[in-house]
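Worksheet for the structure shown next.
The values are calculated or read from the model by the stated rules, or taken from the named source; none is laboratory data. This one's a predicted model, so the numbers in the text were calculated from it and none came from an experiment. Don't worry about glycine lacking a Cβ; one is built from the backbone with ideal geometry, like all the others, and counts go over all protein chains shown.
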Amino acid sequence: MKLYEFQAKQVFASKGIPVPRGEVAATAQEARAAAERLGRCVVKAQVHIGGRGKAGGIKVANTPTEARDYAQAMLGKPLRGLTVKQVLVEEALDIDREYYLAATIDRTSKRVVLMASAMGGMDVEEVAANHPDAIIKHPIDPAYGPMDFEIRAVMTRAGFDAKASRAIGTIAKQVYHVMLDSDASLVEINPLVVTGAGTVVAADAKFEVDDNALFRQQALAAFREDSEEDPIEAEAHRRGATYVHLDGDIGIIGNGAGLVMTTLDLVTRAGGRPANFLDIGGGAQADSVREAIEIVLMDPNVKGILFNIFGGITRGDEVAKGILAGTESIKIKVPIVVRMAGTNAEEGRELLEGTNLVPAAGPIEAAEKIIELAKR
Amino acid sequence: MSVLVGRGTRVVVQGITGREGAFHAEQMVEYGTQVVAGVTPGRGGSTVASVPVFDSVQQAVNETRANTSIIFVPPAFAADAICEGAAADLDLVICITEGIPTLDVVRAVRFADERGVRLIGPNCPGAMTPGVAKVGIMPANIFREGDVGVVSRSGTLTYEVVNLLTAAGLGVSTCVGIGGDPIIGTTFTDVLELFREDDATRAVILIGEIGGSDEEMAAELIGRGYPKPVVAFISGRSAPPGKRMGHAGAIISGNTGTPQGKVEAFGKAGVYVGDTLDDVVQHVGVLLPGRV
């Protein structure tokens, strides 16, 4: 789960990481009032995308009227496809230097890595691609946490200004602890600004929380705003389904993430375009299968559904019952192709005989069949 | 011979009194695996599927000489269960549980590493040596004994490929599901090293997916010289960037974890990457030494 910049900065402030003075505004008038209190300021659209500056989502306002106008131009409008519902109005900083400081979970070292670079304020992916040596990465031993000498070494290697190092070192430690306290998978400050007066401030913030830990992060979970997610994804998640909305027209349902991903690949290879990813998981009962059909059909673009089931713990007959329950309770106008193998697949196929569901012997055949049927 | 699980494997099931734990304990017993103990704190003294239940892993080890654990404990408590298994000096801990907070896994992996205890998973189907022992949740009836080692990040794709192997008259030496989480104990390269030394394994199927760079590291290892043919498969080749495809670890972030990067890395190492699983199995059949 991603936090908005202003939410991340609230977390930062509560943990002692310095952030600019700022206020959240949902209307142009609120933005103007905030600017009156803050003076020269920056108006920043609150959306979950990178590169907001380039997309016109960050503007410097010299007067409250300018702040109001910028907010007016952003609020309610889409920025790279996402609607801006709030702006953050923040004091403009007197920037001397811009650095990069972050912590994330590194799959290779299997640890939290601290990352630092003197090339702050730029797209970090670009820096990583063009100047890989400019980003210093240091894995932290979870048994000890970051030690002072490690942080000093990271900052020296990154080429940080020696005068600012003490303050940055403190922030680096705080970033690590924020990460642990919040079950974050990413905490990124880009840029970390050293001002003309020599103070250090987190001018921007990216913050991602591990979905698996939301059960024990109630305060952060409250930040979850379903409205910005895709509405079908939001509904699917409320029902506990593992669903990803895509932009094609073939609905895909299967058991197991790998199998569903591969089914998407097969449909794509055969010239079709998947409408979604939906994993009914291991040991699914008829009820959740019926619900899966309902979720997939919430997308009006769906012209056909492909079931790809390999029974392990999941039983073919149970899935077949769910499909039948679905086709009986909902008026389904689109064709459904079912490929079934593994545990109780035979029983499942027997249950589906004599219905208008189309059987397929293998996954490739199933992909070809549903593409053909969806065209009619 | 086999790797990870064999005739000497004595299993303790952590979380044996839960629905999944009880069901799979019975399935493993039925397969002939030596399931010697179960653990659920507070339920010591009872039995599940004729297997004695203990309050702690240490007790179970003391009483039954268990050397391998399989974990079916709910996500909030599973990392602690891994550490408990590692602290009891087991040889191997296999964690089936999906959805454990990632930072808990980071700590548990560190804890197990320090004690020299191998962890497989979390979020995996386990390990199985057909005809000998199953320490996992895979459907046993699709497996046939043979000489192909299978290592995979996905459960159902493993079953799919094993089923195809069986249909093609081939069989499996040992099958290892390493798990779909971003942080896992045993990686592709670890299992490749085990298969390297295993006389029973004469070829390897590696099933990877988008996300991370485990596949790239496996390709690098093979590129440096590997004594057995390896055939690979990458799932998620049509997945859009930035979307988590079911598995917590299956996400393309920026330039890392892309299917193109993985396919290229295998190509450089001379590893054939199948477009479909049928393709993979066909190739393994051709590459197996001593077969036509």
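Among the residues of segment B:215-257, the ones that are part of a strand (DSSP E or B), modelled with pLDDT of 95 or more and within 13 Å of another protein chain (Cβ to nearest Cβ) come to 3 in all. Applying the condition of being hydroxyl-bearing (Ser, Thr, Tyr) and in contact (Cβ under 8 Å) with a residue 60 or more places away in the chain to segment B:175-204 and asking which residue is nearest to residue B:119 (Cα to Cα) yields B:186.
Residue check: residue A:220 meets all listed conditions (1) within 12 Å of another protein chain (Cβ to nearest Cβ); (2) touching a Ser or Thr at 6+ places or on another chain (Cβ under 9 Å); (3) within 27 Å of residue A:183 (Cβ to Cβ); (4) of a type in the set (A, V, I, L, M) but one, namely (1). More than 12 Å from chain A (Cβ to nearest Cβ), closer than 23 Å to residue B:29 by Cα, touching a residue at least 40 places away in the same chain (Cβ under 8 Å) and of a type in the set (Ser, Thr, Tyr), is that true of residue B:129? Here the answer is yes, as residue B:129 does meet what is asked.
Here's the yes/no breakdown for (1) surrounded by fewer than 21 Cβ atoms within 10 Å (Cβ to Cβ); (2) polar (S, T, N, Q); (3) closer than 14 Å to residue B:186 by Cβ:
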site: B:64; (1), (2), (3): yes, yes, no
site: B:68; (1), (2), (3): no, yes, yes
site: B:88; (1), (2), (3): no, no, no
site: B:100; (1), (2), (3): no, no, no
site: B:103; (1), (2), (3): no, no, no
site: B:107; (1), (2), (3): yes, no, no
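Out of curiosity, is residue B:107 modelled with pLDDT of 95 or more and within 14 Å of chain A (Cβ to nearest Cβ)? Answer is yes for this residue. Among residues of segment A:346-364 that are in the same structural domain as residue A:252 (by TED's automatic domain parsing), none has a beta-carbon under 8 Å from a residue that is among the aromatic types (Phe, Trp, Tyr) at least six positions away or on a different chain. Each residue in segment B:258-268 was checked for being outside any loop (DSSP other than H, G, I, E, B) and polar (S, T, N, Q), and 1 pass.
When you check residue B:161 against the structure, is it away from chain A (no Cβ under 12 Å), in contact (Cβ under 8 Å) with a residue 40 or more places away in the chain and surrounded by 24 or more Cβ atoms within 10 Å (Cβ to Cβ), yes or no? So residue B:161 fails the test.
Within segment B:121-162, the set of residues being closer than 16 Å to residue B:10 by Cα, within 12 Å of the chain's Cα centre (by Cα) and not charged (D, E, K, R) comprises B:126, B:127, B:128, B:129, B:135, B:136. Taken together, the residues in segment A:123-142 that are more than 10 Å from chain B (Cβ to nearest Cβ), in a loop (DSSP other than H, G, I, E, B) and crowded, with 16+ Cβ neighbours inside 10 Å amount to 1.
Could you tell me whether segment B:250-268 includes any residue that is in the same structural domain as residue B:168 (by TED's automatic domain parsing), crowded, with 19+ Cβ neighbours inside 10 Å and over 22 Å from residue A:257 (Cα atoms)? Yes, segment B:250-268 contains at least one residue that is in the same structural domain as residue B:168 (by TED's automatic domain parsing), crowded, with 19+ Cβ neighbours inside 10 Å and over 22 Å from residue A:257 (Cα atoms).
Residues that are touching a Cys at 6+ places or on another chain (Cβ under 7 Å) and not in a strand (DSSP E or B) within segment B:109-123 comprise B:111, B:121, B:122, listed in sequence order. Residue check: residue A:354 meets all listed conditions (1) in a loop (DSSP other than H, G, I, E, B); (2) under 21 Å from residue B:142 (Cβ atoms); (3) more than 14 Å from every other protein chain (Cβ to nearest Cβ) but one, namely (2). Scan segment B:62-89 for residues that are under 24 Å from the mean Cα position of the chain (by Cα), closer than 17 Å to residue B:25 by Cβ and not in a loop (DSSP other than H, G, I, E, B) and the total you get is 7. Scanning for something on the phi < 0 side of the Ramachandran plot, surrounded by fewer than 24 Cβ atoms within 10 Å (Cβ to Cβ) and modelled with pLDDT of 95 or more, does segment B:126-135 turn up at least one residue? Yes: one or more hits.
For residue A:84, the conditions (1) outside the structural domain of residue A:201 (by TED's automatic domain parsing); (2) in contact with a Pro (Cβ under 9 Å, 6 or more places away or on another chain); (3) under 15 Å from residue A:203 (Cβ atoms) are fulfilled apart from (3). Count of segment A:224-261 residues, restricted to those that are touching a Leu at 6+ places or on another chain (Cβ under 6 Å) and either facing chain B (nearest Cβ under 10 Å) or among the polar types (S, T, N, Q) (or both), is 3.
Exactly one of these conditions fails for residue A:276: (1) within 14 Å of chain B (Cβ to nearest Cβ); (2) surrounded by fewer than 21 Cβ atoms within 10 Å (Cβ to Cβ). Give me its number. With (1) within 14 Å of chain B (Cβ to nearest Cβ); (2) surrounded by fewer than 21 Cβ atoms within 10 Å (Cβ to Cβ) applied to residue A:276, the lone miss is (2). From the list A:145, A:159, A:120, the lone residue that is of a type outside the set (A, V, I, L, M, F, W, C) and either closer than 22 Å to residue A:19 by Cα or crowded, with 16+ Cβ neighbours inside 10 Å (or both) is A:120.
If the condition is being assigned to a loop (DSSP other than H, G, I, E, B), of a type in the set (S, T, N, Q) and modelled with pLDDT of 95 or more, then segment B:2-38 contributes B:9, B:17, B:33.
Would you check which residues across segment A:177-197 are crowded, with 19+ Cβ neighbours inside 10 Å and under 24 Å from the mean Cα position of the chain (by Cα) and list them?
If the condition is that a residue be crowded, with 19+ Cβ neighbours inside 10 Å and under 24 Å from the mean Cα position of the chain (by Cα), then A:178, A:179, A:182, A:183, A:184, A:185, A:187, A:188, A:189, A:190, A:191, A:192 are the ones that fit.
Can you pull out the residues in segment B:269-279 that are surrounded by fewer than 19 Cβ atoms within 10 Å (Cβ to Cβ) and part of a strand (DSSP E or B)? Within segment B:269-279, B:272 is the sole residue that qualifies. Mind checking whether some residue in segment A:80-91 is in contact with a helix residue (DSSP H, G or I) (Cβ under 9 Å, 6 or more places away or on another chain), surrounded by fewer than 20 Cβ atoms within 10 Å (Cβ to Cβ), within 30 Å of residue A:36 (Cα to Cα) and at pLDDT 95 or above? Yes, segment A:80-91 contains a residue that is in contact with a helix residue (DSSP H, G or I) (Cβ under 9 Å, 6 or more places away or on another chain), surrounded by fewer than 20 Cβ atoms within 10 Å (Cβ to Cβ), within 30 Å of residue A:36 (Cα to Cα) and at pLDDT 95 or above.
Would you call residue B:174 in a helix (DSSP H, G or I), among the polar types (S, T, N, Q) and either buried (at least 24 other Cβ atoms within 10 Å of the Cβ) or within 12 Å of chain A (Cβ to nearest Cβ) (or both)?
Working: in a helix (DSSP H, G or I): no; among the polar types (S, T, N, Q): yes; either buried (at least 24 other Cβ atoms within 10 Å of the Cβ) or within 12 Å of chain A (Cβ to nearest Cβ) (or both): yes.
Here the answer is no, as residue B:174 does not meet what is asked.
Scanning segment A:54-102 for residues that are under 30 Å from residue A:177 (Cα atoms) and among the aromatic types (Phe, Trp, Tyr) yields A:99, A:100.
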